[in-house]
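Below is one structure; the comments refer to it alone.
The values are calculated or read from the model by the stated rules, or taken from the named source; none is laboratory data. Model, not experiment: these values are computed from the prediction. Positions of Cβ are generated from backbone atoms using ideal geometry, with glycine treated the same way; all protein chains shown enter the neighbour counts. Note: accessible area is taken over every heavy atom of the protein model, side chains too, but ligands, DNA and RNA are not part of it. Shrake-Rupley method; radii C 1.70, N 1.55, O 1.52, S 1.80 Å.
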2 protein chains.
Amino acid sequence: MANVDSVTIRVFSLNCWGIRYLSKHCRQRYVMIGDMLCKEEHDIVLLQEVWSEKDYLFLKKKLVCSHPHSHYFKSGVIGSGLAIFSKHRIHDTFLYRYSLNGYPYMANHGDWFGGKAVGMAVLSIGSLTANVYVTHLHAEYCREKDSYLPHRVVQSWELQQFVRHTSAGADVVILGGDLNMHPEDLGNRLLRSYTGLRDSYVETSNFHGCENGLTLLGDNPFISKKELGSFEKGIRIDYILYKGSSKTDICCESMSTTKGSVPGHPFPYSDHEALTAELRLENVFANPIKVAELVDIVTEARTEVKVGLHCAERMRYTATRTAAMGLALLFLELVIAAVPWLALGAEQPFPRTSFYLLAVLCFVILLTTSLLYIFYTMEVKSLQGAEDQMRLALGGLQEKLRGFPLAQPHNAQRKSPEGEEPSAFDPEE
Amino acid sequence: MANVDSVTIRVFSLNCWGIRYLSKHCRQRYVMIGDMLCKEEHDIVLLQEVWSEKDYLFLKKKLVCSHPHSHYFKSGVIGSGLAIFSKHRIHDTFLYRYSLNGYPYMANHGDWFGGKAVGMAVLSIGSLTANVYVTHLHAEYCREKDSYLPHRVVQSWELQQFVRHTSAGADVVILGGDLNMHPEDLGNRLLRSYTGLRDSYVETSNFHGCENGLTLLGDNPFISKKELGSFEKGIRIDYILYKGSSKTDICCESMSTTKGSVPGHPFPYSDHEALTAELRLENVFANPIKVAELVDIVTEARTEVKVGLHCAERMRYTATRTAAMGLALLFLELVIAAVPWLALGAEQPFPRTSFYLLAVLCFVILLTTSLLYIFYTMEVKSLQGAEDQMRLALGGLQEKLRGFPLAQPHNAQRKSPEGEEPSAFDPEE
């Protein structure tokens, strides 16, 4: 067992883009990833988008010597796509499925079917207990008009709740994955501020890799520049975050990313770049949460969730109206059916074709709107639930602010950096 | 703030059976419940089956003086039905939705639509931090042939995981709710053994209430004796469980249940009896988990989950076969459609009615089987996920057993109390 004072661990994270038969060179890329992991022998390997269990089993077999401990997190229709490999013993695992994750009918985006979640593994590193989290949040398909923003904010909210509530007994907390958010996006700030997690890329003074730490490159052969919009060079959406505890200090000694194509191979490991962080674990440390800043972020998140809630309620209303149209059609159908009975004896031919077509249309409308109604109701509930919790959290934070008038001047809470009206902050209602 | 050495708190739990318009005397019963809670002033009130938010708001208004802090947990289509009222400040809440919860097409059982979950609230009781959990597991509709058993076992598994992982920072843990399990049912043993939670009814020497602590009485006017099967007098399925921590000891000073009809009213509060436990919080205590016993219980739970998995896979296979039949019908449909084109000129009348009927049938079959296939795939994934985690847990437990040969004799793990073959216990595969 290593001595705590001198432990350095290497953490790896990669979104593997492993959709069998759809992702390009999927099989070869897994072979390349396996070879590299086997050779590099990172302490902890966090993988996302390992959609097929067969690919996980392939890696597991390949890494049996370098990483004897592993876990694959199952969830949703396809799976969560999350996997962890470790040199250190995994004692326990737990999976939290996000309550919101896109729409089933947006099949081209496919996120709903993936059952996005956050997986947790409890590891022993020497005498230390490390809680390691791996996650993959809902993708951002259009930054200008991002209809999934409330969903991603709720996912960030649930992620911070999960990390916070499950890590009380941990000496070290490490979170890696594809957050699908730019460094200063709301969800990212919410996560970091609330949990006190720190960003390896920002913290280290020793970085090697893509310019600005980008992890989704414009030059990557597997992505189209169009996807990146105005960020032609690329964006940074993959992270390794960490924090210590009252018992353990932690700092990032160095960090690196892959830089496109792999030497000796014609293409890179994935459509994302891989991250490696070298973390040194040391002694006592306390990570103060900046309360005033947190209040602003939670308020912003709550507004975003409210917007999503409004939108979901509107969609549910539209579904209800369409259902009413379906019912009107059903009524018309009944009228048509009644024609032969009313016009007894008259030689009126029964409009058979229209009748059946109308019946099918009616059935399809009523079925679809019912399913949509149920779906939007679930969305509304989840959004309302998150909004309630955020309101409660704001109440608590405001009290903390009041409790520490010296550390946080009283007028700090009046002067919001976004220039918002203080009235926007109403935790009690 | 009270001194820790002398704090006594009263915890209340009731399944309110609050289905608006369907549950008998719903409105009046809520008034009765509200009056009683207002008068009794329990420290913590845990309610289940508060299906309508309006009823929660009614209670909230009524209890604003006696219980200024409250939270309603939203989830699923209808809601989780879970609510908490507290005299002590609620700092934080978190909701975990169970990954399995019955079937959407069993609408008569309705559990699926409820979005069953476990809600957590973090309370401050004096200087102590209390994690309070409220939950409601899937109902047991037929004890002899309980097709929901794997679902309930997975729910128990997730419940113990959630409690264990989120309560590391808590001084006191309290769980109340309708577990829908008899005291010695597998899920109950799994929950108690793993978390170290203790049953108020078993622990207290001062019990007042129904014989044997029953909470679902045969005499209750709202239930039919048929539901209780061979347990004519009733069953005990509602619980208040608790545990302390390294900092706090906890014991149950007294416990009581309501006994049918409320004095001065013609009917009881609900179809369940209400529980009240008086808990005294004291000093240092360690609750040892009996490892050998736990191994047996987890092995049994894993077997149950495997049975469910087998069943879900079979159902998915049936759905696939039915879909194949739908495809065959579609082919027939195409053949019929081709008839007029092939028999050009021949005066064959086109079988219009059969054609449309077949089309509708075909559509309905393909749609239903697709939805069922997706649903069963999700069920299979969840069951597999739980099974994986249980295997991992068994590995860890076996190692613990090996590590403490004196505390737990080595042959303890060979002698299973159920008389099972030791080969049934294969944590490594």
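Of note:
- Straight-line cross-link partners of B:Lys87 among the aspartates and glutamates, defined as a Cα under 15 Å from its Cα and at least 8 positions apart when in the same chain: B:Glu40, B:Glu41, B:Asp43, B:Glu278.
- Under the Debye formula (equal points on every Cα, no solvent term), log10 I(q)/I(0) of region A:190-290 at q = 0.11, 0.14, 0.17, 0.22 Å⁻¹: -0.41, -0.62, -0.81, -1.09
- Within chain A: Cβ-based charge dipole about Cα centre, in debye rounded to nearest 20 (Lys, Arg +1; Asp, Glu -1): 900 debye
- An ellipsoid equivalent to the protein assembly as shown, defined through the eigenvalues of its Cα gyration tensor, has semi-axes of 43, 39, 29 Å when rounded to whole angstrom and sorted largest first.
- Inter-chain shielding of B:86-95 (mean C-beta neighbours from other protein chains, 10 Å cut-off): 4
- When the other protein chains are added to the chain by itself, burial of at least 40 square angstrom of heavy-atom accessible area (probe 1.4 Å, ligands and nucleic acids ignored) affects these residues of region A:151-177: A:His165.
- Region B:8-287 - percent of accessible surface contributed by carbon and sulfur, probe 1.4 Å: 53 percent
- A probe of 1.4 angstrom, applied to the heavy atoms of all protein chains, finds A:Asp249 with accessible area near 40 square angstrom.
- Average accessible surface for chain B: 44 Å² per residue, computed with a 1.4 Å probe over protein heavy atoms with every protein chain in place.
- Using a 7 Å projection from Cα along Cα-to-Cβ, the label point at A:Thr353 is separated from the same position in the remaining copies by 1.8 nm, smallest value first.
- Pseudo-label separations to other copies for B:Gln398 - Cα-to-Cβ vector, 7 Å, nm: 5.5
- Counting only lysines at least 8 places from A:Lys225 when in the same chain, those with an alpha carbon closer than 20 Å to its own are A:Lys24, A:Lys145, A:Lys233, A:Lys259.
- Largest GNM mean-square fluctuation across A:Leu47, A:Leu275, A:Leu394, computed for chain A with C-alpha springs under 10 Å, falls on A:Leu394.
- Set of aspartates and glutamates near B:Lys381 by C-alpha distance (under 13 Å), chain-local residues within fewer than 8 positions excluded: A:Glu53, B:Glu313
- Which of B:Arg20, A:Arg192 is most accessible, then next, and so on - probe 1.4 Å: B:Arg20, A:Arg192
- On association of chains A and B, roughly 4300 Å² of accessible area becomes buried (total for both chains; probe 1.4 Å).
- Here the ratio of the Cα radius of gyration of region B:8-287 to 2.2 N^0.38 Å is 0.92.
- Counts of other chain beta carbons within 10 angstrom of each beta carbon in peptide A:66-78 average 4.
- Fraction of beta bridges assigned by DSSP in region B:8-287 that are antiparallel (%, nearest 5): 75 percent
- Highest-MSF residue in chain A out of A:Arg316, A:Arg89, A:Arg143 [GNM, Cα springs under 10 Å]: A:Arg143
- Label-point distances for B:Arg280 to the equivalent site in the other copies, using a point 7 angstrom along Cα→C-beta, read 5.3 nm when ranked shortest first.
- Accessible area per residue was computed with a 1.4 Å probe on protein heavy atoms; B:Leu330 scores about 70 Å².
- Top of A:Arg164, A:Arg152, A:Arg314 by mean-square fluctuation, Gaussian network on chain A, Cα under 10 Å: A:Arg314
- A:Glu282 accessible area, assembled protein chains, probe 1.4 Å, Å²: 60 Å²
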